[in-house]
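Everything on this sheet refers to the single structure shown next.
The values are calculated or read from the model by the stated rules, or taken from the named source; none is laboratory data. Note that the coordinates shown come from a computational prediction; the quantities given were computed from them, not determined experimentally. FYI the Cβ positions are ideal-geometry reconstructions off the backbone, even for glycines, and counts take in every protein chain you see.
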Amino acid sequence: MEPVPSREIADMKGAAALPRKNGELVFDEAWQGRIFGMTVAMSHEACFAWREFQAHLIEEIAHAEREGESSSYYERWLTAFEQLLADKGLLDPGTLAERTREFQCGHRDDVF
Amino acid sequence: MSGAHGDHGHHHREPESVLSLRVRALESLLIEKKLVSSEAVDRIVSAYEEDIGPHNGAKVVARAWVDPAYRARLLADGTAAIEELGFGGVDLQVVENTPGVHNLVVCTLCSCYPSALIGLPPVWYKSFEYRSRAVREPRVVLREFGVELPESTEIRIWDSSAELRYLVLPERPAGTERLSQAELAALVSRDAMIGVAVVKPPAAAAR
């Protein structure tokens, strides 16, 4: 079955609102679409409720604004998502750091 | 850096950004833990990219601009004409803008909207302010959206309902005679199909 866009996700308001251009979602780089898709997929699988992620996202955006960070919307999304996964015990931050290094060194090049 | 991925494969000729690598690392871990599948992520991304935007409606409009027979069928029976292009699930009436007539769509009761064609409705469409003012003072509302119409232009308001949705067929901008149907579709915005914008020629759109 094709996934149907959820209003709860598509209609997020305020700072959490999805970046759009002419009504369409904008993913400036491929990784932004991937992180968006992973987050939505895991909420479909009931790993967490969308509002839990949304709360993390809003908090992370507020934090980044306070700190005057120039990070993009999806960088903040990524941080919020990692935080949520860590809070839920679904992903250990150390494991992710290690895996990222493996990709950086070219030891891994999994294709998606 | 555009053009770095000319073969659009997975062989990156330029160093990938740290963020991109981090997201790939994350995806590989979540796949190993069977928390996501790469196919599910693909399907979600394309569903949100395609279904949320006004692509389908824009295709209908572009076809009507280049194909007078289709345009006639579309205006006579919107529901049947969009089914020809594979879009359906909604009873639709298409209303055509002309030099003397501008159409504006609203749903005064709630937020009925042809989502199958132009995606999910924008927040303002659902606001009480738009729903009431579009009927009461459409010319002022249009001006706020940046659409200045001559006093002689008649404005027609179409009130959507659960049974019947409306889509505006905007006027084709001048200077687009040589554009392909796909290029024309790219000019058509969601707002133009609601009637709160006009379609601008490519040079103006790029500015």
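Values as computed for the structure displayed
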| read-out | value |
| --- | --- |
| Exclusive hit being more than 14 Å from chain A (Cβ to nearest Cβ), of a type outside the set (Lys, Arg) and surrounded by fewer than 16 Cβ atoms within 10 Å (Cβ to Cβ), set B:Leu104, B:Leu92, B:Leu109 | B:Leu109 |
| Subset of segment A:93-112 (residues that are more than 9 Å from chain B (Cβ to nearest Cβ), outside any helix (DSSP H, G or I) and at negative phi) | A:Cys105, A:His107 |
| Residues (among the hydrophobic types (A, V, I, L, M, F, W, C) and crowded, with 16+ Cβ neighbours inside 10 Å) located in segment B:165-185 | B:Leu167, B:Val168, B:Leu169, B:Leu179, B:Leu184, B:Ala185 |
| Failed item in (1) farther than 16 Å from B:Ala47 by Cβ; (2) part of a loop (DSSP other than H, G, I, E, B), with A:Leu18 passing the rest | (1) |
| One residue from A:Ala55, A:Ala46 being modelled with pLDDT of 90 or more, of a type in the set (A, V, I, L, M, F, W, C) and more than 26 Å from B:Ala185 (Cα to Cα) | A:Ala55 |
| Search result, residues across segment A:20-60 that are among the aliphatic types (A, V, I, L, M), away from chain B (no Cβ under 14 Å) and crowded, with 20+ Cβ neighbours inside 10 Å | A:Leu57 |
| All positions within segment B:17-49 that are among the charged types (D, E, K, R), facing another protein chain (nearest Cβ under 9 Å) and free of Cβ contacts under 8 Å to residues at least 12 places away in the same chain | B:Arg22, B:Arg24, B:Lys33, B:Asp42, B:Arg43, B:Glu49 |
| Residue that is surrounded by the fewest Cβ atoms within 10 Å (Cβ to Cβ), among those in segment A:83-92 that are assigned to a helix (DSSP H, G or I) and more than 11 Å from chain B (Cβ to nearest Cβ) | A:Asp87 |
| Per-region count, segment B:139-177, residues part of a strand (DSSP E or B), over 19 Å from B:Ser111 (Cβ atoms) and more than 18 Å from the chain's Cα centre (by Cα) | 3 |
| Residues (modelled with pLDDT of 95 or more, touching a strand residue (DSSP E or B) at 6+ places or on another chain (Cβ under 6 Å) and among the aliphatic types (A, V, I, L, M)) located in segment B:149-207 | B:Ile155, B:Ile157, B:Leu167, B:Val168, B:Leu169, B:Met193, B:Ile194 |
| Hits in segment B:114-128 (condition: closer than 25 Å to B:Glu148 by Cβ and of a type in the set (Ser, Thr, Tyr)) | B:Tyr125, B:Ser127 |
| Top-ranked residue of segment B:178-193 - restricted to ones that are assigned to a loop (DSSP other than H, G, I, E, B) and of a type in the set (Gly, Ala, Ser), ranked as nearest to the chain's Cα centre (by Cα) | B:Ser189 |
| Residue in segment A:70-82 that is of a type in the set (Gly, Ala, Ser), more than 10 Å from every other protein chain (Cβ to nearest Cβ) and under 24 Å from B:Ser46 (Cα atoms) present | yes |
| Of all residues making up segment A:62-82, the number that are assigned to a helix (DSSP H, G or I) and under 12 Å from the mean Cα position of the chain (by Cα) | 10 |
